[in-house]
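Have a look at the structure below before the remarks.
The values are calculated or read from the model by the stated rules, or taken from the named source; none is laboratory data. Just so we're clear, the structure is a prediction, and the values are computed from it rather than from any experiment. Virtual Cβ from ideal backbone geometry, glycine too; neighbours counted across all protein chains shown. The protein model used for the area step is the full one, side chains on, heavy atoms only, and it has no ligands, DNA or RNA in it. Shrake-Rupley method; radii C 1.70, N 1.55, O 1.52, S 1.80 Å.
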Amino acid sequence: MAASNRRMSGKKGAQVGSGGQRRRGLEGKGPTPPAEMRKGHAKQRAAAAKVRRAQGRPPQRKGGGRSTSELVVGRNPVVEALREGVPATTLYVQQFIDNDERVREALQLVAERGGINLMEAPRPELDRMTNGLNHQGLVLQVPPYEYAHPEDLAGAAYDQGEDPLIVALDGVTDPRNLGAVVRSVSAFGGHGVVVPERRAAGMTAGAWKTSAGTAARTPVARATNLTRALESYKKAGITVVGLAADGEAEVQELRALEGPVVIVVGSEGKGLSRLVGETCDFRVRIPMPGGAESLNAGVAAGIVLYEAARRRA
């Protein structure tokens, strides 16, 4: 009997089955979840950022520093600055100056605008102030520009219930290009411009003039480190898009322009710097059938801003 039991003990008993798990594993997992629910997607980051804001966004960090005061020198430059609404604190007029048409217009504009001091000074004093430049008896003092902080731009957009549309400039040193970008940002409903603190154009009188007055309502922020500022935007759920001649896609193909976005524009000659280019979520190009090698920053920014505004309309 014992031997019989030993023989029977070698037989296989009941086996534990999969319980249908294998069959269920072959079944579909349902429809693809929307972009807002896919981890790592730009829209998911934006949705998460909105939740954090609803729970209490930290206060804005006011102030990105101030520039130094500036002098506009010469009759024509002074009159043009006053016409374009460039901020000014004081107009210095040389004693016993020849009272021509430009001098009369400058005095009239100062009287009409109000809030600008009118000071008469001897020629040697104006020579000293301008380091011997040909001031022609007129010198206009422009106050320091009060820069915003990069976080202020996105915060102001969200406070208005809008997705941020921001332009960042990388290596753009011509103030006229900065002024043109400010003008385009204002025209297409953007929320501001970010410039680096070093080796970049600032809000000079030339930038003010090119902006045609829009700098008064479109903030410019200054970043100590542009790459870190862009990384901070990305953490807040904002897509960073760089313009590059060798970009992987054309700008009209980029759906990210419909949501919160920072458009990064490089210099006309060098384009985006290496670190900034690596920080971008996407690198796109502007198609140019005419064969031009590049566009200046003002024109390039205007094209992409128009495309973003068209998609958001």
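FRET efficiency for the pair ALA245 and GLU125, taken as 1/(1 + (r/R0)^6) with r the Cβ-Cβ distance and R0 = 51 Å, rounds to 0.50. Taking only alpha carbon atoms, the stretch 152-214 gives an Rg to Rh ratio of 0.99, where Rh is the Kirkwood radius. Largest accessible area first, the listed residues ASP281, ASP98 line up as ASP98, ASP281 when surface is computed with a 1.4 Å probe on the assembled protein chains.
Largest accessible area first, the listed residues MET119, MET288 line up as MET119, MET288 when surface is computed with a 1.4 Å probe on the assembled protein chains. With R₀ fixed at 51 Å, the C-beta to C-beta distance from ARG312 to GLU112 puts the FRET efficiency at about 0.85. Residues within the reach of a label modelled at LYS234 (point 7 angstrom out along Cα to beta-carbon, backbone nitrogen below 13 Å), restricted to the stretch 255-285, are 262, 275-283. Computed from the Cβ-Cβ distance with R0 of 25 Å, the FRET efficiency linking ARG255 to ALA156 stands at 0.55. Of the accessible area of the stretch 185-313, with the probe set at 1.4 angstrom, what percent is carbon plus sulfur? It is 50 percent, rounded to a whole number.
Restricting the GluC sites (Glu not before Pro) of the stretch 223-313 to loop positions (DSSP other than H, G, I, E, B) with no more than 13 neighbouring Cβ atoms within 10 Å leaves GLU248, GLU293.
Taking the accessible area of the stretch 78-160, probe 1.4 Å, and keeping the other protein chains in place, the carbon and sulfur fraction comes to 46%.
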